[in-house]
Amino acid sequence: TARWVAAIDARYKLVLSVNDTPWLFDAQQDPDELRNFYGQPGTQSVSRRLANELRDYGKRTGDPQLSHAKIAASLEGVLGEGEAQRKDGR
C-alpha cells in the first residue's frame, strides 16, 4: 500500500505522504533532514519542479502510489500553489 513517494535531485527531496503535509528537504542546509523547507520563501520553484517530475513519472509509469487519494491531493496542492502564485503575480 502507498505510504509516501519522493522526487530527489542532487540537493532537494520532495516527499509526499499519506499521513502528513509535503516535506521538502535541503541536503545542503540540513543534511540530517530534520527541517521541512516546504513553503519557505525561495523554495516554491523547487517544490513545483520536483512535483512536476513526480507527476510526469506517474503518467509515464502508471505508478499506483501516485493514484492514492492523499498523495494525489498533496501533489495537486504543490502544483496548485504554483498556479495561484502566478495568478497573483507572486
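The values are calculated or read from the model by the stated rules, or taken from the named source; none is laboratory data. As the structure is a computational prediction, the values presented were derived from the model and not from experiment. Every residue, glycine as well, gets a Cβ built from its backbone with ideal geometry; the counts of neighbours run over all protein chains shown. SASA here: full protein model, heavy atoms, side chains in, ligands and nucleic acids out. Shrake-Rupley method; radii C 1.70, N 1.55, O 1.52, S 1.80 Å.
Filter region 17-35 for residues that are buried (at least 17 other Cβ atoms within 10 Å of the Cβ) and not aromatic (Phe, Trp, Tyr) and give the result.
Hits for region 17-35 are Ser17, Pro22, Leu24, Asp26.
Looking only at region 36-56, which residues are outside any loop (DSSP other than H, G, I, E, B) and open to solvent by 60 Å² or more (accessible area, probe 1.4 Å)? Reasoning before the result, please.
Narrowing region 36-56 to residues outside any loop (DSSP other than H, G, I, E, B): 44-56.
Correct list: Ser45, Arg49, Glu53, Arg55, Asp56.
How about region 10-23: which of its residues are in contact (Cβ under 8 Å) with a residue 40 or more places away in the chain, more than 13 Å from Gln65 (Cα to Cα) and in contact with a helix residue (DSSP H, G or I) (Cβ under 7 Å, 6 or more places away or on another chain)?
Selection gives Leu14, Pro22.
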